[in-house]
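Have a look at the structure below before the remarks.
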């Protein structure tokens, strides 16, 4: 039996044909056509899903289920994508629209939850229980698998660990609160911190790294500067790791997972600049000083969302 | 079928005969004999457990299981109480010691987890999924039931939500960190805040309420002062609710439980001074502004530990 997973992102739609082991046999993607509405995008999802099957020579009746991960609030019970950031889905009956064109069991997930399922099924968190996956991107995404099932909470909207408050009265967050974790630990936060450090230090090598243009600062800029021994860059990373560690410590002390996987572009930084010092900070803050929770880099990269979406059917 | 639950506290040992519905049919307790070692206390647990059965006329072979909740770290797999605060259990093979005298299925739990099971089975969280129980006492205890099972994390030591960091660099905690939630939301924290306010305001009615003696301040003192309109007491409660709310917001945003039950003596305060304003703060900080999580007072009081210990066998 085969599965199809679709990762619906703000920039690209990617579908993958996935086997029971969570391996992607064939993948296809298209950039998001900004002129399409939710229904139009759904038709595109069907085309992509069918395409990966055809290209791999797999008949559609061999597909056990199709799943799709969305960047936002989904309700798998009703099959509706309730709300997305920067995409035209709002109370969109995605399951109904999909099944009108291809009548196959269809599942909906949040993108962070799909990443968690993917890493649990075939990545760095394979077989770990509980397994938490934290994705450092524009915000902080998070998902957990417990006892072989996706943890969804009561109203099915998934974990929003990025919005735990780690600094009351701190940096304002788009959610309306102050001091949310993602204001200290996301890629966006690291970029903000890098820019602030540059404004305070006109001689930092960080200026060269972004061609003298603050708007060209990326998540990796501070790591590049630190690699060259730049003082401002090293201080930025120290602050960043500090903020990132608080939320990780809180997840460890509240949930004591077997593993926390860090995903997103930031997580690819060299170990000595990120994972190794982060592990020390988290161990120091862990209530159980033996710190049984492993802190690891996620293994599947962007594929985690495709694999996790494909296997939603077995996890929810 | 019947169950026996034992709540092992630093002050009292309490055993209860419990039926399938989680009702306590008979209860017996003794003060902790400080001269006894772990093995001696285990013999006392057996005597108490047998006593409640005999008194209710229930034959021992009608007991499906016995469970005991301890204030500390337990390992139910090995049957060992690893560590307790202020009690002589350390790597004590409690199951073996108990079963030497009464060969019955015997389960071990952490007291906060037992409280969560009790409230889930027969109290305010009945049937809720996920159900989180937070106990405001010397520290902050916490436990969660998900999908009808106790959530224990990886190494079986349970949730330590009281040690999430909500104020980096804040009040020092016994665990070695700074700014743990229990330094802002426990009964101990409220007493500390009350004393500090008294030292800053020699005319506060709080002084009368504790007979001019700082050492006699209790968790309820600030509530009594607030009831009389005392400004210092009102400010203490505002600060206390603020700190307590941060950890509750974090639990809501990370876990989105169906219910959070607040237990411990503090939770008996009048609604207008605690639960009502707390609900507003938590709703305001919740990522999902529809705030599907209910915030309620725990219903079973100290009995939650006995009921939850009795039913450990069905929850782990």
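Restricting attention to region B:279-316, the residues being away from chain A (no Cβ under 14 Å) and buried (at least 21 other Cβ atoms within 10 Å of the Cβ) number 12. Does region A:111-122 contain at least one residue that is over 23 Å from residue B:154 (Cβ atoms), surrounded by 24 or more Cβ atoms within 10 Å (Cβ to Cβ), touching a residue at least 12 places away in the same chain (Cβ under 8 Å) and away from every other protein chain (no Cβ under 13 Å)? Checking region A:111-122: at least one residue is over 23 Å from residue B:154 (Cβ atoms), surrounded by 24 or more Cβ atoms within 10 Å (Cβ to Cβ), touching a residue at least 12 places away in the same chain (Cβ under 8 Å) and away from every other protein chain (no Cβ under 13 Å). Scanning region B:200-233 for residues that are without any contact (Cβ under 8 Å) to a residue 12 or more places away in the chain and either surrounded by fewer than 16 Cβ atoms within 10 Å (Cβ to Cβ) or within 14 Å of chain A (Cβ to nearest Cβ) (or both) yields a total of 9. Where strands (runs of 3 or more DSSP E) sit wholly within region B:36-124, those with at least 1 residues that are in contact with a strand residue (DSSP E or B) (Cβ under 7 Å, 6 or more places away or on another chain), at pLDDT 95 or above and under 23 Å from residue B:300 (Cβ atoms) occupy B:63-70, B:106-110. Out of region A:259-294, which residues are within 23 Å of residue B:180 (Cβ to Cβ) and assigned to a loop (DSSP other than H, G, I, E, B)? Hits for region A:259-294 are A:286, A:287, A:288, A:289, A:290, A:291, A:292, A:293.
Can you tell me which residue is farthest from the other protein chains (Cβ to nearest Cβ) among those in region A:239-258 that are part of a helix (DSSP H, G or I) and under 18 Å from the mean Cα position of the chain (by Cα)? The extreme case among them is A:244. Residues that are under 18 Å from residue B:246 (Cα atoms), in a loop (DSSP other than H, G, I, E, B), touching a helix residue (DSSP H, G or I) at 6+ places or on another chain (Cβ under 9 Å) and more than 9 Å from chain A (Cβ to nearest Cβ) within region B:138-169 comprise just one, B:139. Against the conditions (1) in contact (Cβ under 8 Å) with a residue 40 or more places away in the chain; (2) on the phi < 0 side of the Ramachandran plot, residue A:174 satisfies every one except (1).
Yes or no: residue A:163 surrounded by 24 or more Cβ atoms within 10 Å (Cβ to Cβ), at pLDDT 95 or above and in contact with a strand residue (DSSP E or B) (Cβ under 8 Å, 6 or more places away or on another chain)? Judged against the criteria, residue A:163 is a match. Any idea how many residues of region B:171-191 are surrounded by fewer than 18 Cβ atoms within 10 Å (Cβ to Cβ) and either within 13 Å of chain A (Cβ to nearest Cβ) or in contact with a strand residue (DSSP E or B) (Cβ under 8 Å, 6 or more places away or on another chain) (or both)? Final tally of qualifying residues: 5.
The sole residue among B:135, B:194 that is touching a residue at least 24 places away in the same chain (Cβ under 8 Å), more than 18 Å from residue B:247 (Cα to Cα), buried (at least 19 other Cβ atoms within 10 Å of the Cβ) and touching a helix residue (DSSP H, G or I) at 6+ places or on another chain (Cβ under 8 Å) is B:194.
The values are calculated or read from the model by the stated rules, or taken from the named source; none is laboratory data. Just so you know, these numbers come straight off a predicted model, no measurement behind them. Virtual Cβ from ideal backbone geometry, glycine too; neighbours counted across all protein chains shown.
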